[in-house]
Amino acid sequence: MQRESAIREPLILGDKSYHDITEDVCAPVEGKANKYWYIVFSISVMVALWGVGCILYTIGRGIGTWGLNTTVDWAWDITNFVWWVGIGHAGTLISAVLLLFRQKWRMAINRSAEAMTIFAVIMAALFPGIHMGRIWMAYWVFPLPNQFGSLWVNFNSPLLWDVFAISTYFSVSLVFWYIGLIPDFATIRDRAVKPISKMAYSVLSFGWTGNAKAWIRFEEVSLVLAGLATPLVFSVHSIVSMDFATSVIPGWHTTIFPPYFVAGAIFSGFAMVQTLLLIARKVLSLESYITVQHAEYMNIVIVITGSMVGVAYLSELFISWYSGVEYEGYAFMNRATGPYWWAYWSMMTCNVITPQLFWFKKIRRSLIASFVLSIFVNIGMWFERFVIIVTSLHRDYIPSSWSMFHPTFVDIGIFLGTIGIFFTLFLLFSRFFPVLALNELKSILKSSGENYKKQH
Amino acid sequence: MSKAIYALYNDDEVMVDGAKSILSKNIRIKDVYSPFPVHGLENVLGIKWTRLAITAFLYGLTALTLALIGMWFFMIQDWPMNIGGKPNDFLYQNLPAFIPITFEFTVLCAAHGMAITYLIRNKTLPGMKARNPHPRTTDDHFCIEIDRAENAGMSDDEIRTVLQETNPVEIFEK
């Protein structure tokens, strides 16, 4: 039996047995949802429906319904895309990288973080789809034999790399998530009393038996998938950043982009996990499993990656002056002092300044402070993408074509709509899926459970 | 007569000790069912480690080859185009631009190939029936399965006596 140092704080609080873990995690699935769930769910569905309406309107009328103009020809669509992809990076990072590093605290948060990843990537993938204008031709992004002689897609283009990166990331994350879910669905299946839920979870659990060899294979598959997913996480956001970095637009044409985008993605992803889990632990009564300790660990990741993002901002600024390239220099001066100064300084405040408060242990361990600061990060990271994209475009080389971007109700509707769809999916997940990796948690109960630690 | 005798335990350590003492009495264990992976059990039972990682490598290798052949065909052989002046007379000249997709495709096929192999080898596919002997083996109980046919030399009572000594919560047949 593996023992753990007494100084390490327990990861599972209270006097829990294996059966208690099952009971606690299955309770939201087996019980009835409370009033708050229905209220939040109704609001999310309404916002989602508005979003769907705006999306359908865009598809019907074309992207002329957005606030784009000839100068700013890429704005909220790509901002939202990068924002959602970034958020989608925490889940696989938590489950894959932390698995490789054998971090036991991942077990309480990986399931919901991965769910969040999958929903966020779905939201992200929506934007390139609808910004094509003619979504029914979306299959043209794949190298399919065609009647044009055969004209193939351009494998030199980062936009095509993106197609492969996002679809690989989405499907591999989905498989990773589902393979972890199978044993937990089996637990719910074997406890189900109602015939419909018994049948549903029998199908979902694929007939999992949990014999010795199956568990060996399970561990091996988790490990190898983690090994494959780790470079994948880094590659996906590097490729997203190359959509900009391989162009010749001042403000985009920067070699620092790949590492800077990856750090930013982890930063925003952890912030979204923090936001969601601080609510989930209360609503679903999982305080014994998602503890203050877990929040602190995530805050540490947030402050580290936030500082990396801060260093990237400052080096960009420095290089724009030091390189002596006047276009580059102007792009950055314009960001900080031009008409979009408010976006730049919101980004700086939310991403670089406020997360530094996490250096204080009191703030790091305060759940309210963590929640508020995580919202700040979510806002700041959206502004980061907006600043990179719109402020680099809106002042063209010819001053006569300088312009501003004004979002229309469709732009706003689609953005808010994706938040609505995301929350709708997450709320459904929290009702019908085991939100914690309950069987994995049992394997650390004896080494990291509070009651077992006290005995030794 | 039922095919197998089962001993049910409520603790993983008791079960592992039980398995050791059952094996020391020359009774063969067919399988063990548990709610989570019990580490070290494979050594006690003498189960060989899985070769799934090798399959992942092979799927990945296949995908790597396919991706490179594909991109060579699309961009160099079938319809070469001048894209930003990038040299494309030979694969190696255009290779740097092909690395991202080669990598993504390798990961895609390695991950999915391994996952599908895993599901087939575990006999866990949509619509399959669960074969765990007791519903609580997915909750907090651990179950040792003794096949009668494998232990033909032992009588039922002998097996039951040995099992009883290992402190199970229940012994049942199925």
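Cα to Cα, under 14 Å, and not fewer than 8 places away if on the same chain: which aspartates and glutamates meet these conditions relative to residue A:453?
A:4, A:9, A:15
Just list whichever of A:198/B:48; B:25/B:129; A:213/B:129; A:32/A:454; A:213/B:174; A:16/A:198 have alpha carbons separated by over 23 Å in the model shown.
Violating the 23 Å Cα-Cα cut-off are A:198/B:48; B:25/B:129; A:32/A:454; A:16/A:198.
Rule-of-thumb check for segment A:1-89: C-alpha Rg over 2.2 N^0.38 Å?
1.92
With the dipole of segment B:43-163 worked out from charges on the C-beta (+1 for Lys and Arg, -1 for Asp and Glu) around the Cα centre, which of B:80, B:91, B:101 lies farthest toward the positive end?
Of the candidates, B:80 comes out farthest on the positive side.
Go through segment A:218-235 residue by residue and turn each phi into a ³J(HN,Hα) via Karplus (6.51, -1.76, 1.60, θ = phi - 60°); whole Hz please, and just put x for glycine and proline.
4, 5, 5, 4, 4, 5, 5, 4, 5, x, 6, 6, 4, x, 5, 4, 5, 5
Quick one: B:138, B:55, fewest Cβ neighbours within 10 Å first, how do they rank?
Fewest to most other Cβ atoms nearby, the residues stand as B:55, B:138.
Which ordering of A:408, B:161 is given by a fewest-first count of other beta-carbon atoms within 10 Å?
B:161, A:408
What list of whole percents do you get for P(r) of segment A:314-456, with Cα-Cα distances grouped in 10 Å bins up to the one holding the largest distance?
Cα pair-distance distribution for segment A:314-456, in percent: 9, 22, 26, 21, 12, 7, 2, 0.
Please identify the longest segment of chain B free of exposed chymotrypsin sites (Phe, Trp or Tyr not before Pro), where exposed means a DSSP state other than H, G, I, E or B and no more than 13 other Cβ atoms within 10 Å.
Formally, the longest exposed-site-free interval is B:91-174.
For chain A, the longest stretch holding no trypsin sites (Lys or Arg not before Pro) located in a DSSP loop with at most 16 other Cβ atoms within 10 Å is which?
A:135-364
If you keep only loop residues by DSSP, which GluC sites (Glu not before Pro) in segment B:67-174 have at most 13 other Cβ atoms within 10 Å of their Cβ?
In loop regions of segment B:67-174 (DSSP not H, G, I, E or B), the sparsely surrounded GluC sites (Glu not before Pro) are B:165.
Rank A:26, A:45, A:68 by how far each Cα sits towards the positive end of the charge dipole of segment A:25-120 (+1 on Lys, Arg Cβ; -1 on Asp, Glu Cβ) and give me just the farthest.
Working it through, the farthest residue towards the positive pole turns out to be A:26.
What are the ³J(HN,Hα) couplings of segment A:361-369, residue after residue, when phi is run through the Karplus curve with 6.51, -1.76, 1.60 and θ = phi - 60°? Round to Hz, x for glycine and proline.
These are the phi-based 3J(HN,Hα) values: 4, 4, 6, 4, 9, 8, 5, 5, 4 Hz.
With +1 on the Cβ of every Lys and Arg and -1 on the Cβ of every Asp and Glu, and nothing else charged, how large is the dipole of the protein assembly as shown about its Cα centre, in debye rounded to the nearest 20?
For the protein assembly as shown, the charge dipole is close to 760 debye.
Rounded, prolate or oblate: which fits segment B:71-117, taking a ≥ b ≥ c as square roots of the Cα gyration tensor eigenvalues, rounded meaning a/c under 1.5, else prolate when a/b beats b/c?
Prolate, since a/c reaches 1.5 and a/b exceeds b/c.
Mind grabbing the base-10 log of I(q)/I(0) for segment A:210-298 at q = 0.20, 0.23 Å⁻¹? Debye formula, identical points on the C-alpha positions, no solvent, two decimal places.
-0.97, -1.02
According to the square roots a ≥ b ≥ c of the eigenvalues of the Cα gyration tensor, what is the shape class of chain A, taking rounded for a/c under 1.5, prolate for a/b larger than b/c otherwise, and oblate for the remainder?
Here chain A falls in the prolate category.
At a Förster distance of 22 Å, what's the computed FRET efficiency of residue A:282 paired with residue A:362, Cβ-Cβ distance as r, to 0.05?
With a Förster radius of 22 Å, E is 0.60.
If I take every Cα pair under 8 Å that is 6 or more residues apart in segment B:52-121, average their sequence separation and divide by the length, what percent do I get for the relative contact order?
Answer for segment B:52-121 is 53 percent.
Aspartates and glutamates near residue A:194 by alpha-carbon distance under 16 Å, same-chain residues fewer than 8 away left out - which ones?
Filter leaves A:30.
Hey, got a sec? Which chymotrypsin sites (Phe, Trp or Tyr not before Pro) in segment A:48-154 land in a DSSP loop and have at most 15 other Cβ atoms within 10 Å?
Counting only loop positions with at most 15 other Cβ atoms within 10 Å, the chymotrypsin sites (Phe, Trp or Tyr not before Pro) in segment A:48-154 are A:101, A:148.
Laboratory data are not the source of any read-out in this text; all were calculated from the coordinates shown. What you see is a predicted model, and the numbers here were worked out from it, not measured in a lab. Every residue, glycine as well, gets a Cβ built from its backbone with ideal geometry; the counts of neighbours run over all protein chains shown.
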